[in-house]
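Report on the structure given below.
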Amino acid sequence: MLNSFLMLLMPSMTAVPAQVASDDLPQVALSQHQRQNLITSLASSTVNTRIHAISTLGIERVRESVPHLIQLLKDDNPHVRAEAATALGTLKVKNAGPRLYQIMLHDSSPLVRARATVALADLDYTGAITAISMNLDRPDIRERMAAVRALGKFGGPKAFNHLIRLLRSGTPELRETVIEALGDLGDRQVVRYLFRYLEQGSTRLNRAALLALTRLHPQMVQSRLPQLLRRTEPELVIAALDSAAQIGCPDCASQILQLIETAEDPIASQAASTAAYLQMREAVEPILIRLQPRPNLQSRILYLWSLGRLGSMSVLPETLHALSDPLPELRLTALRILRILRPEKLNLEEIIVPMLQDNNPSVAAEAILLLGEYGHRSWLGDRLPGEATSTLRLSAAITSLAWVHPLPAHLLGNLRTWSRNEDTRIRNAAIATLGRFRDVASLDALLKSVYSSDDRLRWEAVRALALLRSSEARSTLAAIATQDPLRVVRAYALLGIRVLDPEAKSFEVMARTRFEERFEERDYAEAYVYALALAQNGRRENLDAFQKVFNVLLKSGSNSSQKTEFVDLLFLFGEQWGAPWMEEALSSPLTRVRSRAMVWKARYSQPDVALPASVQADAALPVSMKDRSVRLPFAKENPRSGCGCRTGQTDSDPRILWIAMAAWLLRPRRRRRA
């Protein structure tokens, strides 16, 4: 389970939450100019313009819009007020809670009261639970449905009793919402009430029950997924595919392959994405066949994305061709695929460097990230890309600085300034990079950030403090490890304490207890962090615990992008004891794990050209000079441009890269921004 990490790491680019199987499918984000235009549109005299701007700003989590959204709670139009309430809940604006509570009680519009109810649950405003429970009997169906959703988010025995009552006696249109809320509740005793809806009732009830039971009783759902994948209703089949991705389904492989081969593109492309998430290498050929007739844009992107995540080098010709496509979505996807495959002899100067000037900032930012991982410095100068014009470019450049060792001195000062930036993308990237460089001068700013109400900011700050290894942060980390409301933040705080004091018995006992609890709960993400904390003292039993969760998370299970975070943690915190596992990560069967480990190896391995030819041939060299294995972070970076470390797997003729290069060179040229 990666839920606690998804909450912090998953980008929010679309109105509908991304399917788990699609993983980190690249999405074209708003530019700074577009963000500012949307904020300006909040004052438009046209109602629909205001509603569209509010919705988009909430979905994109543009925090600069918060003061304007709070003002719009007083708008004359109820639809505008309702959308503003939803956006404030999405943005987790805690100080909006009291105002939303009053709106829920007194606004003249049932729609606005309903949206405020759900927003209060998003903010975890527990003072509203009693009033929300009373809304279950409101005459307006929208208020009743909102109260049901809110109680599912709040949880607790009272919520359980209310929801079960409505499941038995509620109207048909309410029952679907009740089932979804029972899934949010997370209480396994509801399984017996939901089971019959998995196969009885309408398709919508079947789908709601499937999504709820996937979270509550995955073992039971696993046995029924092959049957559900044979259903004919598209929305149910897609939900079953995503369920298979979330919980795994060894018996579903043949059915997934059949859907790729025979279903219509909307379902076949989702099946391909599920196959990639489950690392089904046997799906490569069927997906390639579906890609050839040039399906619609969304299906084409998913087929390409699936082949890239499967590590199939046979997708290179299509990928390189997509780099010159007029649509930024295709260019962006192609660059992300190249970051995963890391093909040998990729001509960075001719193919990737020109894309630094791409007219879409999301595409240019992805090009910066790719070049940074290859060790190419064309984006690095006295000023970083986008410093004055594009937050997307700048945040990508700040992230890529983590691969530059040693860092130019003037940029370190800039990083400290950016760590206080109001733009969350810039701020979070700067904090993460300062942690990587163990910048003790940023300690005070990080200590202030750990008390933020922003969950992502607290996580970034605590992670950076753990990397700093400053004894001055010990008491703060100790308090966070026991008191922070977010479990994953507590886990990182305990990791930071163990790095500082690996022999402290009380914290070792705490880490051991939490590791065993999380492993038993199958929350392997948090279990991994606690195992990493245990392993800091190098004791055999603690290293065995790390090996146990390493095997489950990084050598098996889903082929998820979230696992790159765990590869980073190994290389960042395992420098004293982690070399064997670093080498294991380099040969992991999971493409996303292997690819990320290759980035670390490329940036910090001993370059072959570092020694004179006469010395390289000397068999009597000391072991330290002959070593070509992974070097640990914070040493001088490997100066090579590129890495020669292909992570993909060739499925056909080994000359495929030369064919792909020829296809790229013969492509129609697209005009780029000067």
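In nm, give the distance between the simple-model label positions of Glu520 and Ile164, each being 7 Å from the Cα along the Cα-to-Cβ direction. Those two pseudo-labels are separated by 2.4 nm. With the charge dipole of the range 487-609 set up from +1 on Lys and Arg Cβ and -1 on Asp and Glu Cβ about the Cα centre, the Cα lying farthest toward the positive end among the listed residues Phe573, Leu543, Leu586 is that of Leu586. Kirkwood analysis of the range 276-353, using all unique Cα-Cα pairs, places the hydrodynamic radius at 12.7 Å.
Cross-link partners of Lys448 among lysines, defined as those whose alpha carbon lies under 27 angstrom from its own and excluding same-chain residues fewer than eight positions apart: Lys92, Lys94.
Computed over the chain, the P(r) tail beyond 47 angstrom holds 16 percent of alpha carbon pairs.
For the listed peptides 380-387, 208-215, a ranking on the average number of other beta carbons within 10 Å per residue, highest first, reads 208-215, 380-387.
Using the Cβ-Cβ distance between Ser378 and Arg540 with R0 set to 56 Å, the FRET efficiency works out to roughly 0.75. Length gained on full extension, Arg204 to Glu422: 74.3 nm, using 0.36 nm per residue less the C-alpha separation. Surface composition of the chain: carbon and sulfur make up 52 percent of the accessible area, probe 1.4 Å. Kirkwood hydrodynamic radius of the range 50-113, from the reciprocal of the average inverse Cα-Cα distance over all distinct pairs: 11.4 Å. Solvent exposure of His79, expressed as accessible area, is near 100 Å², computed with a probe of 1.4 Å over the protein chains only. The angle separating the long axis of helix 591-604 from the principal Cα axis of greatest extent in the chain is about 40 degrees. The share of C-alpha pairs in the range 26-74 whose separation exceeds 13 Å stands at 53 percent. Put a plus charge on the Cβ of each Lys and Arg, a minus charge on the Cβ of each Asp and Glu, and nothing anywhere else: the dipole of the chain about its Cα centre is then about 460 debye.
Computed from Cα atoms, the angle from the helix 203-216 axis to the main principal axis of the chain rounds to 60 degrees. Ordering Ile287, Gly248, Ile238 by Cα displacement along the dipole of the range 228-298 toward the positive end leaves Ile287 in first place; charges were set at the Cβ atoms of Lys, Arg (+1) and Asp, Glu (-1). Rolling a 1.4 Å probe over the heavy atoms of the protein chains gives the range 451-607 an accessible area of 32 Å² per residue.
Dividing the C-alpha radius of gyration of the range 191-320 by 2.2 N^0.38 Å, with N its residue count, gives 1.08.
Note on Thr262 and Asn48: the model spin-label points, each 7 Å out from Cα along the C-beta direction, lie 4.4 nm apart. Approximating the spin labels as points 7 Å out from Cα along Cα→Cβ, the Gln189-to-Asn77 distance works out to 4.7 nm. Its convex hull of Cα atoms gives the range 351-422 a direction-averaged projected area, equal to a quarter of the hull surface, of 4.7 nm².
First measure r as the distance between the Cβ atoms of Gln292 and Asp444, then evaluate 1/(1 + (r/R0)^6) with R0 = 60 Å and state the FRET efficiency to the nearest 0.05. Calculated transfer efficiency: 0.55.
If you wrap the range 276-407's Cα atoms in a convex hull and average its projection over all directions, what's the area in nm²?
That works out to 8.6 nm².
About its Cα centre, the dipole of the range 88-143 is roughly 180 debye, where the only charges are +1 on Lys and Arg Cβ and -1 on Asp and Glu Cβ. Here the gap between Ala579 and Leu407, fully extended at 0.36 nm per residue and compared with their Cα-Cα distance, gives a gain of 59.4 nm.
The values are calculated or read from the model by the stated rules, or taken from the named source; none is laboratory data. Note that this is a predicted model, so its numbers are computed, not measured. Glycine gets a Cβ as well: all are built from the backbone with ideal geometry, and neighbour counts include every protein chain shown. When the accessible area is computed, the model is the full protein with side chains, heavy atoms only, and any ligands, DNA or RNA have been set aside. Shrake-Rupley method; radii C 1.70, N 1.55, O 1.52, S 1.80 Å.
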